Amino acid sequence: MDLLNAFIALSNYVLIPGIAYGSQLALGALGVTLVYGILRFSNFAHGDTMAMGTMATILMTWLFQSMGLSLGVLPTALLALPFGIAFTMLLVLGTDKVVYKFYREQKAKPVILVIVSLGVTFIYNGITRFIIGADDQNFLDGQRFIMSARDFKEMTGLREGLAFKTTQGITIVTAIIVVALLFWFLNKTRAGKSMRAYSDNEDLALLSGINPERVVMITWMIVAALATIAGTLYGLDKSFKPFTYFQLLLPIFAAAIVGGLGSPVGAIAGGFVIAFSEVTITYAWKKVLGYVMPEGLQPDGLVQLMSTDYKFAVSFVILLIVLLIKPTGLFKGKSV
């Protein structure tokens, strides 16, 4: 029975949060890896693109709530999400036309585009803070738990209760659907095959009659959708704060690089590696070990390797190790 209690405690604080956070990072890393693989630069504005998309979703959510519209037990944000995606698509396409297209036509080196994207980051961040403010914004409504700890305890009679939040369930299901649709699009549709051909060999793709501007447009639209979905799911699961999305850039890039930049499968794997590394290292293992260890050997301290305040340091260390040992990542993406 103690082993079962230990597993429930582990599920509550490591397994379920790790899977949900990994899904959010995977969706974010997919956007980064698509830009790197097809447009050939590291988009430092991706975190704040997520913030802009989430901000638009929140504003629409508040509008729907004021009108009395809702999805019942599900968050109203899901109803507002398509509007957030549409706004972000227009935003990134406009940014590409006004900013990135000029440097692409000039055949600028990738490092120039990286610096330009950093400038775009500051503009996006400033706009987000100006419109919605710099403080935490909680926009979650609907039913909070699929399974509450109290209900689980009553059902099983165990000391530990399993809590499974609605936002965690939505995150996992949405991530599976979005990833499945993305892989279907890339492998089965003509536009997806054009994107893959353009990524593999730009010159050969142009000789084959592929329209580069159309490929760029579709890429940005997909990236906008991924960024908005990832940002909204993260905001629902935690809360929305513009600066947090800027900080998310580190674990998202770490996930993309660990998996292999330019590899969609690598981005997904990297997202879960980073998520579980952060959650595992910052979790206080006292409760789990208290169930598992014999009486008398149970720990007195928290048994926490690192405070949650330093969880992004875990991403940084993993990123450094991968860059030093295997720059192409787990799935042999493009070398960094």
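The values are calculated or read from the model by the stated rules, or taken from the named source; none is laboratory data. Keep in mind the model is a prediction, meaning the values are calculated, not measured. In this analysis, Cβ positions are derived from the backbone assuming ideal geometry, glycine residues included, and neighbour counts consider all displayed protein chains. To get the accessible areas, we keep the full protein, side chains included, count just its heavy atoms, and leave off ligands, DNA and RNA. Shrake-Rupley method; radii C 1.70, N 1.55, O 1.52, S 1.80 Å.
Here are some notes:
- FRET efficiency for Val98 and Tyr310, using Cβ-Cβ distance with R0 set to 41 Å, rounded to 0.05: 0.60
- Per residue, the accessible area of the range 214-253 comes to 25 Å², computed with a 1.4 Å probe over protein heavy atoms only.
- Residues in the range 1-143 average 44 Å² of solvent-accessible surface per residue, probe 1.4 Å, ligands and nucleic acids excluded.
- Solvent accessible area, Å² - Phe246, 1.4 Å probe, full protein context: 70 Å²
- Shown are Leu158, Leu79, whose ranking by accessible area with a 1.4 Å probe and every protein chain present, most to least, is Leu79, Leu158.
- Each label was represented as a point 7 Å from its Cα along the Cα-to-Cβ direction; for Leu289 and Asp136 these points are 2.9 nm apart.
- Listed by chain and number, the lysines whose alpha-carbon sits under 21 Å from that of Lys97, ignoring those within fewer than 8 places in the same chain, are Lys107, Lys109.
- Burial order of peptide ranges 296-308, 169-181 (average beta-carbon count within 10 Å, highest first): 169-181, 296-308
- Charged side chains reduced to their Cβ positions (Lys and Arg at +1, Asp and Glu at -1) give the chain a dipole of some 820 debye around its Cα centre.
- For the chain, alpha-carbon Rg over 2.2 N^0.38 Å: 1.06
- Protection proxy ranking of 9-20, 33-44 - average other beta-carbon atoms within 10 Å, highest first: 33-44, 9-20
- Straight-line reach from Lys153: taking Cα to Cα under 27 Å and skipping same-chain neighbours fewer than 8 places apart, the lysines in range are Lys165, Lys238, Lys286, Lys287.
- The range 81-96 versus the range 178-194: alpha-carbon centroid distance in Å: 20 Å
- By accessible area with a 1.4 Å probe, ligands and nucleic acids excluded, highest first: order of Tyr103, Tyr234: Tyr103, Tyr234
- Separation of the Trp184 and Leu207 label points, Cα + 7 Å toward Cβ, nm: 3.5 nm
- Accessible carbon and sulfur surface of the chain relative to its total accessible area, %, 1.4 Å: 67 percent
- Two tests apply to each whole DSSP H helix in the chain, Cα reach of 20 Å or more along its axis and mean Kyte-Doolittle hydropathy of at least -1.0, and the ones passing both are 16-34, 46-66, 77-95, 110-132, 166-188, 212-237, 264-282, 311-325.
- For the range 134-158 versus the range 204-270, the spacing of their alpha-carbon centroids is 29 Å.
- Residues whose amide H lies under 5 Å from that of Leu74, counting only those 5 or more places away or on a different chain, are Gln143; hydrogens are built 1.01 Å from N in the peptide plane.
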